[in-house]
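Working notes, beginning with the structure itself.
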Amino acid sequence: MKPKTNIIVLMLDSLRPDHIHCYGNEKIKTPNIDSLAKDGVIFENAYPEGLPTIPVRTALFTGQYTLPFRPWQPLTPQDITIPEILTAYGYTNALITDTYHLFKPGMNFHRGFHVWRWIRGQEGDVYRSGPPKYNPEDFMKPEMKGTHVEKLLIQYLRNIADRETEEDYFVAKVIREATEWLEKEAREPFFLWVDCFDPHEPWDPPPSFEKMYTDPNYRGKKIIHPKYGKTDWLTEEELNYIRGLYAGEVSFVDKWVGVLLEKLKELDYYEKSLIVLLSDHSVPIGEHGWILKHPHTLWSELVRMTLIIKFPENTYAGTRVKKLVEDIDVPATILDVIGLERETRYMHGKSVVLLLENQVEKLRDYIITGYHESLHRCVRTEKWSFIFRPEGKDELYDLEKDPGEARNLIDEYTEEAKKMASYLARYCYLYASRRSREVQRMLQLKYELSELPL
């Protein structure tokens, strides 16, 4: 094992790569993420293998596929996690998070960490039971009444009852807790996993960041947490306001990313550490007529993930990778970089170092993603996106010519569609489960595929 290689993973939930300057967004300000990217590697075609929040963390902690096998569930006794492996090699492991799904009773995602710190109160975390700080009516249209989101929103407004300054916002609390641990408790080599729920909804940045991208003349409801579903209940003005809130949340998160990076530099950890900044997935904000994530919204606005890796001593700085990578490649990469590649033998993921060192041309020909509980699936190559619809017309998009996935080419490129369908059928055959068999059976009927696709 290579000595003294510290590992910092910074998860930013629902951070869309197309809302980051270094990924090509010219409007939204993200100077600190851009700075990290300048010293590291940007992965332009990174995807989660299974959605949403908990399956992605499971894949990242274990390096194992979740999509064919398991829904949203706790870690099992059979799972072998990255912090457990690192403990055996002398690492001190810390988990600091406000992603409340991780610390709900029984979830067990703190297993293997020596230190875990829970920042309470995000979204629907049942943290406080007093009256909301603000009037919920100011945040809801009539169409939101009686939905699950109404309950989440009211709980959130209870949770922020004592918020006074910018440092009382959740991403600030998480980062300040992380910097305090680094300053007072970190022992090298260490593994620090910082899991920020922001910029996940509710999109509620401080006033200065809210104003950065929203119309100053907007006088409608402050819809910080819209209801899940179609956008036909929102006016264009309201939808633009919501998009501005999300953009402000991204810039606010970026500010606190900078605080963490500065602390790493101040403590002389930055240069020699492996730093991974990533998101679990993206989030739809009105594209294709839908808002927030759903099992069937498997377009780029949901399935792309942010992935930036800064290697020790800034090796490979300034590199951009267009080849396909998945979240399961992250744990394999971490272990490879610190000389523990033998611990990746039974992982489904592969180290991205193979790409960076030109040892392979690509890690895989295609990726497949979706929700375990759903039969909708997305298959992607660098050029094509194929979306399998179990009870409707499948979709095929040319990502090079039509990155917004506006024109369905399924009827024009039938052979390409069949090829993409065969990838999915082969995957279902290799990673057999009840749901995989259902998808495979439907594919064989739709596309007349052989029973055991090659």
Projected-area average for segment 312-454 over all orientations - Cα convex hull basis, square nanometres: 10.4 nm²
Cβ-defined net charge surrounding ILE82, 15 Å radius [Lys, Arg +1; Asp, Glu -1]: -4
In debye to the nearest 20, how big a dipole does the chain give about its Cα centre with +1 on each Lys and Arg Cβ and -1 on each Asp and Glu Cβ? 900 debye
If you count, for each residue, the other Cβ atoms within 10 Å and average over each peptide, how do 44-55, 140-151, 348-359 line up from highest to lowest? 44-55, 348-359, 140-151
Restricting to the chain, compute how many DSSP beta bridges are antiparallel as a %, nearest 5. 45 percent
5 angstrom amide H check on THR319, placed H, neighbours 5+ away: ILE42
Please give the direction-averaged projected area of the C-alpha convex hull for segment 62-172, in square nanometres with one decimal. 9.7 nm²
Taking the convex hull of the alpha carbon atoms in segment 1-138, what volume per residue do you get, in Å³? 181 Å³
Out of segment 85-123, which trypsin sites (Lys or Arg not before Pro) are coil in DSSP terms and have no more than 14 other C-beta atoms within 10 Å? ARG120
Hey, can you grab everything whose amide H is under 5 Å from the amide H of ASN93? Only 5+ residues off in sequence or another chain; H modelled, so Pro and N-termini drop out. HIS114, VAL115, PHE191
Mind grabbing the base-10 log of I(q)/I(0) for the chain at q = 0.09, 0.11 Å⁻¹? Debye formula, identical points on the C-alpha positions, no solvent, two decimal places. -0.58, -0.88
Report, in deg cm²/dmol and to the nearest 500, the calculated mean residue ellipticity at 222 nm for the chain, where each DSSP H run with n ≥ 4 adds -39500 (n - 2.57) and the sum is divided by the residue count. -9500 deg cm²/dmol
Using a simple charge model, +1 on the beta-carbon of Lys and Arg, -1 on the beta-carbon of Asp and Glu, nothing else, what dipole does segment 375-447 show about its Cα centre, in debye to the nearest 20? 540 debye
Given unit charges at Cβ for Lys, Arg (+) and Asp, Glu (-), the dipole magnitude of segment 62-207 about its Cα centre in debye, nearest 20, is 520 debye
Can you give the Rg/Rh ratio of segment 224-321, where Rg is from the C-alpha atoms and Rh is the Kirkwood radius? 1.10
Set LYS293/LYS362; LYS38/LYS393; LYS173/LYS322; LYS104/LYS446; LYS211/LYS401 screened for pairs whose C-alpha atoms are more than 32 Å apart: LYS38/LYS393; LYS173/LYS322; LYS104/LYS446; LYS211/LYS401
If you take every residue apart from SER251 with its C-beta less than 15 Å away from the C-beta of SER251, what net charge results, scoring Lys and Arg +1 and Asp and Glu -1? -3
Just check segment 375-447 against the gyration tensor rule for me: Cα atoms, a ≥ b ≥ c as the square roots of the eigenvalues, rounded for a/c under 1.5, and otherwise prolate or oblate depending on whether a/b exceeds b/c. prolate
Where a label projected 7 Å from the Cα of GLU382 along Cα→Cβ would reach, residues of segment 348-372 with amide N under 17 Å: 352-368
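Throughout, read-outs are computed from the coordinates displayed, never taken from laboratory work. These numbers were taken from a predicted model, which means no experiment stands behind them. A quick note on method: Cβ atoms are made from the backbone with ideal geometry, for glycine too, and the neighbour counts reach across all protein chains shown.
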